[in-house]
1. Compute the relative contact order of the chain as a whole-number percentage, counting only Cα pairs closer than 8 Å that sit 6 or more residues apart in sequence.
2. For the range 11-63, give the percent of accessible area contributed by carbon and sulfur heavy atoms, probe 1.4 Å, rounded to a whole number.
3. Please compute the net charge surrounding residue 183, taking Lys and Arg as +1 and Asp and Glu as -1 over other residues with Cβ under 14 Å from its Cβ.
4. Can you give the % of DSSP beta bridges in the range 576-722 that are antiparallel, to the nearest 5?
5. Spelling out what I want: for every residue of the range 561-567, take phi, set θ = phi - 60°, compute 6.51 cos²θ - 1.76 cosθ + 1.60 (Karplus), and round to whole Hz; glycine and proline get x.
6. I'd like the distance separating the alpha-carbon centroids of the range 278-327 and the range 643-677, in whole Å.
7. At 7 Å along the Cα-to-beta-carbon direction for both residue 618 and residue 507, put a label point, then send me their distance in nm to one decimal.
8. Could you please state how large a percent of the accessible area of the range 89-139 is carbon and sulfur, counting protein chains only and using a 1.4 Å probe?
Amino acid sequence: MSSEPTQVNEQTHFRTCNLCEAMCGIVIKHDGEKVLSIKGDKDDPFSQGYICPKATALQDLHEDPDRLRGPVERMADGWKAISWPDALDKVAARIQSVQQKHGKNAFGVYLGNPNVHNMGGMLTIKQLLTSLKTRSRFSATSIDQLPHHIVSMHLFGHMLRIPVPDVNRTQYMLIIGGNPLASNGSIMTAPNMRQKLKDIKARDGKVVVIDPRRTETADIASEHHFIRPATDVLLLLAMVNEIYAQGYAKVNSRVAGLTPEIDRIASFAEGFTPESVADITGITAAEIKRIVKEFCEAESSVCYGRMGISVQEFGLLSQYLSMVINIITGRLDEVGGLMFPNPAVDVVNSSGPGYLGKRHSRVSNLPDFNGEYPVVAMADEMLVEGEGQLKGFMSVAGNPVLSTPNGEKLDEALSGLEFMVSLDYFVTETSRHANIILPPVSPLERDHYDVTFNGFAVHNVAKYSPALFSKTDNEKHDWEIYLELADRLDKDAPEATQKERAATKAFGPKFLLEQGLKYGPYKDVTLDVLIDNPHGIDLGPLHRMLPEAIKHADKQINLNVDFYEADLARVKEMMQQYDHQEILLIGRRHVRSNNSWLHNSYRLVKGKSRCTLMLHPETAAQHGITDGQDVKVTSRVGSVVIAAEVTDELMPGVVSIPHGFGHGRKGVKQKIAQAHAGVSVNDLTDDTLIDQLSGNAAVNGVPVQLEAIDVSTEEALVDNVMA
Ligand SMILES: Nc1nc2c(c(=O)[nH]1)N[C@H]1C(S)=C(S)[C@@H](COP(=O)(O)OP(=O)(O)OC[C@H]3O[C@@H](n4cnc5c(=O)[nH]c(N)nc54)[C@H](O)[C@@H]3O)O[C@H]1N2
Ligand SMILES: Nc1nc2c(c(=O)[nH]1)N[C@H]1C(S)=C(S)[C@@H](COP(=O)(O)OP(=O)(O)OC[C@H]3O[C@@H](n4cnc5c(=O)[nH]c(N)nc54)[C@H](O)[C@@H]3O)O[C@H]1N2
Ligand code: SF4
Ligand SMILES: [Mo]
């Protein structure tokens, strides 16, 4: 039987990929509701055609048969579809019932990372949070960028006033614990970092990477130095010490006048000489001195630290010192240094400055930040009985069973709750514990403007993307779910709140975006202008922003020296007790991963397994481990069995496992991810190992033991099972 060739009616849509922080422009060719291709948009002034392999996952996610298209309820015999009105009524009633029985704070909420990449979500989440009336709030922030927020709150008066490296113009970039070639950059929105770093070298500049692993970024850098995990604080202190010792300290005159405590920094790192830290860090005194000299003598330079220095035992002090180094070498607010973005929608003006330690978590007594307790406190709050124990829980765009330390413990804690609801696309390791899952629309069905990441962009731009596909009647946006729950939970809200909710519902979050643009710094950037410029508009390179950028009333940079100096006692204690023999576990990202949630895209997981234990040949030999062999890795909290990948990419004494795997848990419904299950590194990371100053989790530098699994034992085990 012959059939007529079907006519393809190709249409073109431009948008911003919202999967990571890089904000790449993409061109989507489609025929009606069918995606034909996703490519980089050469006319996007910011990304100029660059994309990474994940962009195509937007199609996979949209078409994924495992993605929930409507609410589901967990019954004795499995998940059953339920209508939106029934689901929302039930969720609201069950939340209220938990709160009536056990108190408002007995219901907890966790916000995951994708919420920040979602325009409607970002602009309306406060409505949901207010209506929940609970102080038991948590988010992925405390296993991520929390130190950045605290440093910016202290110094510049607002948690979101975070300066970023001026990568496009710097002559020397020191990258400590960041791997932008895999992550595509973080707290530094900068598409195509490979090109940007190559450009630095091409203009006779230098890129220096400090990392326990010779990463993809280290591979293209001018030089790379291994460092023992979680000892960066010593390197940074020695750098501060050396900057003064070599007479390089020169705060630029504009900034000097704004920093009353600057003179105290001269003695901050007293005693932390390069010689005194060389042994523990693994970087020689001569190398530290040379790095300082070259950093200070470069025409411009910037010190940038990311996950590797944030999510470890000295996260906050390390980020502080990184900032201090930029200040005392005159690199803050200067071209090629650390500069403040000037986004068209400036969330700094519409949100509170943040606060640390107003309250403390009930069980572990850890400080809250901006109304959120650290994620490491979450499981205990559910498991430990007493007044205020969590009995109900909402997870919004998060998968904390795989993404937070001691995931097994949280897994168990979630299974004991009276009621749980998840807002998620999938039945995941976390949402499988929910009684009801409320799934939002796919990214291609929503408008997008990067409310968050324009604030961290290395060049000022603005771009609005309308939805490509319209949602079906049985789908809801995240913001619609938030508002409809808020309506049900908080019927007596003040009139102003009710009005804002009604207006947002009537006009969509686009209306809030329009307001944000109106009060932003560019009077001629309106929503209409953005609609007329589908590739985005260029608002120019970063420019000097001090003193206007400072949000403290006195317009001064508050170095808060006493607060940070007090943490040096902990550093000295670490030095005294340092165990050089300990095997330390660190994390790893791959360009085709996205935390725990893109493993259901076949294009992204195919090929060799990426969930391996990387370790150096010497470390492998010491433990009798050969390449490919299964290894039992054990920490204080648990153990996993994982195949070894022996490579000299890792520093001896350090092992690395990527996070986001562990899809083998019973009840997960993501077929491709399950077939590439891997193990969860967060079954090893420890909820008691934290940065005590900030409450941030410490997933880098976790002590572990290694045990090669004897092939014959393994075969015997298999034989036993088969028999
Ligand atoms: N050991 C270790 N652990 C880590 C890290 C590490 O480096 N090492 N990194 C940490 C970091 S930086 C982060 S940010 C966290 C991430 O931690 P989480 O945010 O808890 O986890 P994700 O894996 O991002 O899971 C996001 C979930 O949201 C769903 N989702 C995606 N988009 C949307 C949406 O638009 N709406 C809704 N409602 N749901 C959506 C996905 O299906 C997925 O289940 O992990 C942290 N955990
Ligand atoms: N492809 C991909 N991209 C992503 C994500 C993803 O999962 N996959 N996640 C996104 C998210 S949520 C975030 S927050 C960003 C994170 O962005 P990055 O911080 O750039 O990402 P990582 O790859 O975690 O880089 C951390 C680096 O620190 C090193 N490291 C570990 N411990 C230490 C230490 O003690 N000292 C030093 N100096 N280095 C150390 C690790 O080896 C690693 O190279 O990436 C985002 N982009
Ligand atoms: S780098 Fe990030 S924003 Fe760019 S295409 Fe990849 S996932 Fe999307
Ligand atoms: Mo993150």
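The values are calculated or read from the model by the stated rules, or taken from the named source; none is laboratory data. Since we're looking at a predicted model, the values are computed, not measured. Using ideal geometry, Cβ is built from the backbone for each residue, glycine included, and neighbour counts are taken over all protein chains shown. Heavy atoms of the whole protein, side chains included, go into the accessibility calculation; ligands, DNA and RNA do not. Shrake-Rupley method; radii C 1.70, N 1.55, O 1.52, S 1.80 Å.
1. After rounding, I find 19 percent.
2. So the carbon and sulfur contribution to the accessible surface is 49 percent.
3. +4
4. In the range 576-722, DSSP labels about 70 percent of beta bridges as antiparallel.
5. Once θ is set to phi - 60°, the couplings for the range 561-567 become 4, 4, 4, 7, 4, 4, 6 Hz.
6. 30 Å
7. Placing both labels 7 Å along Cα→Cβ, they lie 6.4 nm apart.
8. Carbon with sulfur: 51 percent of the solvent-accessible area.
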